[in-house]
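The values are calculated or read from the model by the stated rules, or taken from the named source; none is laboratory data. Everything numeric in this text was worked out from a predicted model, so none of it was measured. Reconstructed Cβ throughout: ideal geometry from the backbone, glycine too, with neighbour counts over all protein chains shown. Just so you know, the surface numbers come from the protein's heavy atoms only, side chains and all, with ligands and any DNA or RNA stripped out. Shrake-Rupley method; radii C 1.70, N 1.55, O 1.52, S 1.80 Å.
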Amino acid sequence: MILYPAIDLKDGQAVRLVHGDMTQTTVFNDDPTAQARAFVDAGCQWLHLVDLNGAFAGAPVNAAPVEAILKACPVPAQLGGGIRDMATIEAWLDKGLARVILGTVAVENPDLVRQAARAFPGQVAVGLDARNGRVATRGWAEETDLMVTDLARSFEDAGIAAIIYTDILRDGAMKGPNIAATADLARAVSIPVIASGGVSSLADLTALRDTGVIAGAISGRALYDGALDLAQALRVLAEPAAQA
């Protein structure tokens, strides 16, 4: 299982929110590039980047720090937030991004997801963010009647690289991930599922890994707060999973 350290960008800084609320912001690093390099130095294989301002604006806002991270770090990175048209997808991939994450457009324009996945095999992921099992969009500000599993299944034949599933009520709250819901989603589709939201300890990571069906996990606040040591977590995840 791959561990993705998260760098959430707001106003050019590395921050974390609680429950996706832009008013509940903690700044962890004024230099996102230095933060990214620290994660790489600890041994991470991927970086998970989010343009929080972009998610609300519907277009890239924190492009400068993202580009600086891409230039400074040798590991692949995935980015979500404000990527809602083919031109933006192409532009980011041309700049060296390994994978774009499409969230709001997966609900509002699923044909774009399919088109992008065909055009850029292995480089398009879908971000499904849910509150009580229902998908939320536009920086989690708008709730829909769509159930996560139904939307995920609708992309079964689209050729997307991964689904990033975030339980909004767990995100940034240090209360542990929704392991059962994430595992249920992973079993419902053949697309690799990455867990996000609430991953706050080594025990959380090993529990996700030991489901045997979850391809990756994203952690942010726990890494910044010191509740999770990245180098140690990577060593443990490299060990064989416990037998169910």
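Note on the stretch 111-120: among residues that are part of a helix (DSSP H, G or I) and free of Cβ contacts under 8 Å to residues at least 40 places away in the same chain, the one that is most open to solvent (accessible area, probe 1.4 Å) is D111. Scanning the stretch 208-244 for residues that are modelled with pLDDT under 95 and of a type in the set (D, E) yields D225, E239. Have a look at R37, R16 and point out the one that is in contact with a Ser or Thr (Cβ under 7 Å, 6 or more places away or on another chain) and among the charged types (D, E, K, R). Unique residue meeting the criteria: R16.
Has the stretch 101-110 got any residue that is open to solvent by less than 30 Å² (accessible area, probe 1.4 Å), among the polar types (S, T, N, Q), out of contact with any helix residue (DSSP H, G or I) (no Cβ under 7 Å at 6 or more places or on another chain) and at pLDDT below 95? So far as the stretch 101-110 goes, yes, one or more of its residues are open to solvent by less than 30 Å² (accessible area, probe 1.4 Å), among the polar types (S, T, N, Q), out of contact with any helix residue (DSSP H, G or I) (no Cβ under 7 Å at 6 or more places or on another chain) and at pLDDT below 95.
Scanning the stretch 151-169 for residues that are out of contact with any strand residue (DSSP E or B) (no Cβ under 7 Å at 6 or more places or on another chain) and either within 20 Å of V50 (Cβ to Cβ) or in a loop (DSSP other than H, G, I, E, B) (or both) yields E156, D157, A158, G159. Restricting attention to the stretch 121-150, the residues that are closer than 24 Å to L52 by Cβ and either open to solvent by 40 Å² or more (accessible area, probe 1.4 Å) or among the basic types (K, R) (or both) total 10. The set of residues from the stretch 9-51 being in contact with a Gly (Cβ under 6 Å, 6 or more places away or on another chain) and surrounded by 18 or more Cβ atoms within 10 Å (Cβ to Cβ) comprises R16, L17, V50, D51. Return yes when G54 is open to solvent by 20 Å² or more (accessible area, probe 1.4 Å) and within 16 Å of the chain's Cα centre (by Cα) and no when it is not. Criteria not met by G54. The set of residues from the stretch 148-201 being more than 25 Å from F120 (Cα to Cα) and of a type in the set (D, E) comprises D167, D171, D184.
Among residues of the stretch 43-54 that are farther than 22 Å from T104 by Cβ, none has a Cβ under 7 angstrom from a residue that is open to solvent by 10 Å² or more (accessible area, probe 1.4 Å) and among the basic types (K, R) at a sequence gap of 6+ or on a separate chain.
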